[in-house]
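I have placed the structure first, in the form of structure tokens, so that the comments after it can refer back to it.
Values in this text are rule-based calculations from the coordinates and carry no lab data. Keep in mind that what you see is a predicted model, and the values were worked out from it rather than measured. Note that each Cβ is placed from the backbone with ideal geometry, even for glycine, and that neighbours are counted across all protein chains shown.
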Amino acid sequence: MMRYFIIPLVVLIGIVSTGPSQASYRETFEKEFMLSPWHIAAGEISACIQCHTSDNMGPEMHEITQQWKESFHAKHNVSCHDCHGGAPEDASMSMMHQRGFKGSPKDLDIPEFCGTCHIAILNSYLKSGHGKTFIETGEGPNCVTCHGSHNIQRASMDIINEQLCSQCHTYDRAQEMKQALFMVESKLSNVEETLDRLKLSGINVDNQEKFFYRNHAGFRALSHSINVDAVRIKSGDYIKKLEIIESEINESFNQLKFRKNFYAYLLLLFIGLSIVAFLLSKSYEQK
Amino acid sequence: MERRQLLKTSLAFLGTTTLISFVYPASKFLVRPKSSVPDAPLTINKNEIPTGTAKEIVFNETPLVVINRRGSGFIALSRVCTHLGCLVGYDKFNNKLVCPCHAGEFDLEGRVLSGPATKPLLRYPLKVAADQITIG
Amino acid sequence: MWGKIIHWIEVRIGLEELVNKHLREFHTPKGATFWSTFGFVVLIAFIVQVITGIMLLLYYIPHPEYAFKSVQTITNEIPYGWLFRSIHNVGGNILMAAIIIHLVHVFLRVSYKKPREITWVTGVLMFFLVQFTLISGHLLPWHQTGFWQTTVTSSVPAFIPVIGEGISSYLRGGEFVTGVTLSRYFSFHVVILPVFIVALIFLHVLLIRRQGLSTSAIVEPDTDTAPSDEFRREVHLESQPCFPNFATKRLFIVMSYCTVLFFIMTFFPNLFLPAEANIQADPMATPELIRPAWYFLAPYQLLKIIPNDILGISLITIFCVVLLFWPFFDPTDTGRNIHKRPLLLSLALIVLVLWAILTIWGMYS
């Protein structure tokens with residue numbers, strides 16, 4: 001009789017005594033499972049934006065934040081502190097040197113400022129006619145001249161236009177460059193559009209996207225060298241690489257076609273079965 | 001009655017065809033095919049990579065970097081940055097791998113140090129023999 | 001050869017008697033039209049979901065790091081994985097449509113009256129459980145659509161006063177949708193809900209087989225008498241054997257269901273896979289438009305337009321409770337011919353039209 005009492009008690013004590021060892025498991029679980037990147041961080045508006053959109057600031061400040069909000073940077077979570085430094089979560093440290101605050105760069109410092117992230121582009125620019133002129137004389141285009149400072153959009157061929165480029169020299173040199181870039185640029189946009197379409201159809205295009213991106217980025221860096229000959233020579237290489245992606249894309253489209261055909265084949269089978277079943281059921285109907 | 005028999009036969013025929021059209025894909029589904037044949041293992045001589053330096057190679061159509069780390073031995077990492085796919089470069093002065101596109105930085109284990117990437121670099125298996133390194 | 005196999009089975013389980021009793025002698029009333037087969041269609045659709053679900057289960061990984069990738073692997077690398085994933089995806093949605101058609105048909109036939117109240121209650125319970133199964137299943141691929149839809153739908157119970165936040169927290173396993181939510185929804189979708197649904201199916205079908213299919217009071221007005229006070233299988237004068245008469249009707253409608261399924265898959269393969277369904281869930285990036293799935297749009301839209309949250313959620317709760325226990329709300333002394341009950345018919349039509357309007361409104365708002 002007593003054993004019905006003792007056994008559950010022993011089991012209970014056994015479970016409870018494993019409690020302390022479970023605590024460490026809980027810690028590991030919390031750390032690896034609940035606090036990983038895919039746990040939502042409570043969203044906060046950065047201290048920078050809070051101040052620079054408040055009524056204490058003049059309209060130029062409001063305009064800056066408005067321009068940034070419409071930019072490519074804003075869409076990809078590149079915020080004030082990513083370029084200007086400072087602490088975005090703490091207003092008292094938001095403009096402190098200790099937290100890496102850089103302030104607005106002086107004109108001559110602009111290339112290095114943008115080049116903190118865009119390393120390859122900076123290297124290409126510094127070797128170019130534009131870069132050398134700017135560093136030596138302080139005149140000539142820097143990043144902001146063509147791309148703007150806060151309302152930065154995705155770069156396109158339209159940046160090379162008569163209005164912008166003929167400020168310092170004749171447009172024909174810029175036009176030559178634009179023509180040299182044209183072939184690869186149009187292929188790049190074709191491939192990109194097709195990759196997007198494939199992605200929407202459920203095909204896994206991760207590898208192709210990465211391959212495409214690094215070629216795209218490489219070509220962008222090359223175009224900053226303002227060296228028409230170099231662009232012409234390398235264009236062939238880039239086109240070949242893009243053609244590799246294109247052949248993989250074609251394979252994927254063929255796979256999609258196969259799927260659609262298979263579905264259609266099964267659809268026809270079922271239509272046939274429905275008709276036969278209908279006629280059969282009608283034949284059993286009592287008059 | 002003949003009509004009914006004809007209908008029954010067509011039902012049986014179509015039904016069997018449909019059944020096979022599902023059983024065949026299902027059976028292929030259950031057996032995962034071997035992924036495409038990988039490259040034969042690549043061998044490099046140890047003396048091609050002195051300590052503190054790295055060598056860029058291509059394996060399985062992927063650009064890799066083989067680093068001879070001071071104190072930690074050899075490691076083979078994919079050069080494809082986990083952010084958007086640009087190829088990282090070895091910075092021997094600062095002992096890290098840097099991506100030229102958005103300044104993403106990785107340590108010599110492939111872990112993210114700073115920048116927009118969130119996942120570590122892919123690591124490839126590496127065997128070190130007497131004076132040769134084999135990847136894959 | 002075939003005869004030998006049949007005989008072998010017959011000696012062991014008395015196959016012939018079973019077939020005769022349950023298939024041939026089980027009669028369906030004269031008014032059992034093609035519409036009456038929809039219950040069977042729902043059963044078949046559910047079984048299709050279970051089978052394709054099990055196949056997907058072989059390769060799916062329920063961890064946030066790997067879930068999306070595993071579904072992409074199934075769709076692109078596993079041979080014919082795309083076929084089974086597509087069937088499961090589209091099939092789930094049209095299963096819902098079939099359930100709604102079945103529900104409306106039973107309602108308009110007034111088949112829920114005594115002695116079939118429990119059949120109705122189990123049916124509506126299954127309707128709710130299948131909705132939850134669909135909602136939980138939508139999170140599993142861990143894409144942007146599913147992730148953010150889950151964030152929205154798991155916040156709906158929070159409108160309930162006092163216990164609402166607790167319910168939402170319990171659903172999600174925390175304050176936000178995380179890997180814990182994924183594990184939880186995975187267990188709901190694969191085990192917990194199907195077990196209850198299967199039990200209810202068993203009860204539902206058992207009752208139908210015991211009581212027989214209901215007559216149509218329009219086709220056989222003589223049967224529209226007051227229900228008796230003791231268990232009685234109705235005797236229909238002009239009934240047909242279930243097999244093969246009613247069975248072939250069932251076969252036809254099931255084949256039509258499959259036709260619809262494959263029609264959607266051939267011509268609109270991405271109907272239930274919007275653009276964001278191809279992007280891995282990103283807790284930091286909210287897509288511009290987050291909407292629950294179509295079957296949840298009506299209650300969601302209702303909550304949006306009613307300014308008072310508590311009123312909104314109470315209305316929905318009351319509606320669900322009334323729907324669940326409707327046989328007990330309907331007066332017992334009225335007949336089963338809906339044409340003789342214009343109020344009930346109008347009520348049904350109004351509810352249907354309102355549901356349709358709210359759904360379409362929800363789609364475009």
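Ranking of C:170, B:90 by neighbouring Cβ atoms within 10 Å, starting from the fewest: C:170, B:90. Seen from a random direction on average, the alpha-carbon convex hull of chain A projects onto 35.8 square nanometres. Angle, helix B:2-30 long axis vs. longest principal axis of chain B, Cα atoms, 0 to 90°, nearest 10? Relative to chain B, helix B:2-30 is tipped by roughly 10 degrees.
Take the alpha-carbon positions of the stretch B:42-135, form their convex hull, and give its projected area averaged over all directions (one quarter of the hull surface) in nm².
Value for the stretch B:42-135: 5.6 nm².
First select every other residue whose beta carbon is under 11 angstrom from the beta carbon of residue B:109; then total the charges, Lys and Arg +1, Asp and Glu -1. Computed value for this residue: +3. Loop sites by DSSP among the trypsin sites (Lys or Arg not before Pro) of chain C, restricted to those with at most 14 other Cβ atoms within 10 angstrom, leave C:1-231 as the longest stretch without any of them.
The P(r) of the protein assembly as shown has a tail past 45 Å containing 44 percent of all C-alpha pairs. Here the protein assembly as shown is treated with +1 on each Lys and Arg Cβ and -1 on each Asp and Glu Cβ, and its dipole about the Cα centre works out to around 2860 debye. Other residues lying with their Cβ under 14 Å from the Cβ of residue B:82 contribute a combined charge of +1, Lys and Arg counting +1, Asp and Glu -1. Against the main long axis of the alpha-carbon atoms of chain C, helix C:342-364 sits at an angle near 20°. Dividing the summed helix terms, -39500 (n - 2.57) for each DSSP H run of n ≥ 4, by the number of residues in chain A produces a 222 nm estimate of -21000 deg cm²/dmol to the nearest 500. Taking 0.36 nm per residue of separation and subtracting the current Cα-Cα distance, fully stretching the chain between residue C:209 and residue C:195 would add 2.9 nm.
Positive-end ranking of A:88, C:339, C:62 along the dipole of the protein assembly as shown, with charges on Cβ about the Cα centre, is headed by C:339.
Within chain A, which complete DSSP H helices have Cα atoms spanning at least 30 Å along the helix axis and a mean Kyte-Doolittle hydropathy of 0.0 or higher? Display every interim value, and only then the final one.
Working: long enough: A:171-200 (41 Å, -0.61); A:228-283 (81 Å, 0.37).
Qualifying helices: A:228-283.
Using alpha carbons only, what's the Rg to Rh ratio of the stretch A:159-262 with Rh from Kirkwood? Taking Rh as the inverse mean 1/r over Cα pairs, Rg/Rh reads 1.11.
When the trypsin sites (Lys or Arg not before Pro) in the stretch A:93-173 are filtered for DSSP coil states and for at most 11 other beta-carbon atoms within 10 Å of their beta-carbon, the remaining sites are A:106, A:154. Taking other Cβ atoms within 10 Å as a rough exposure proxy, C:343, C:261, A:279 sort from fewest to most as C:343, A:279, C:261.
When the charge dipole of the protein assembly as shown is built from unit charges on Cβ atoms (+1 for Lys and Arg, -1 for Asp and Glu) and taken about the Cα centre, the candidate among A:228, A:252, C:124 whose Cα reaches farthest toward its positive end is C:124. Of C:196, A:258, C:147, the sequence from fewest to most neighbouring Cβ atoms within 10 angstrom is A:258, C:196, C:147. Compared with the dominant Cα axis of chain C, that is its longest principal axis, helix C:2-13 is turned about 90°. Proximity of backbone amide H atoms, modeled 1.01 Å from N, is registered between residue B:64 and B:57, B:58, B:59, B:79 at under 5 Å, excluding neighbours fewer than 5 places apart on the same chain. Rounded to the nearest 20 debye, the dipole magnitude of chain A is 1340 debye, with +1 charges on Lys and Arg beta carbons, -1 on Asp and Glu beta carbons, and the Cα centre as origin.
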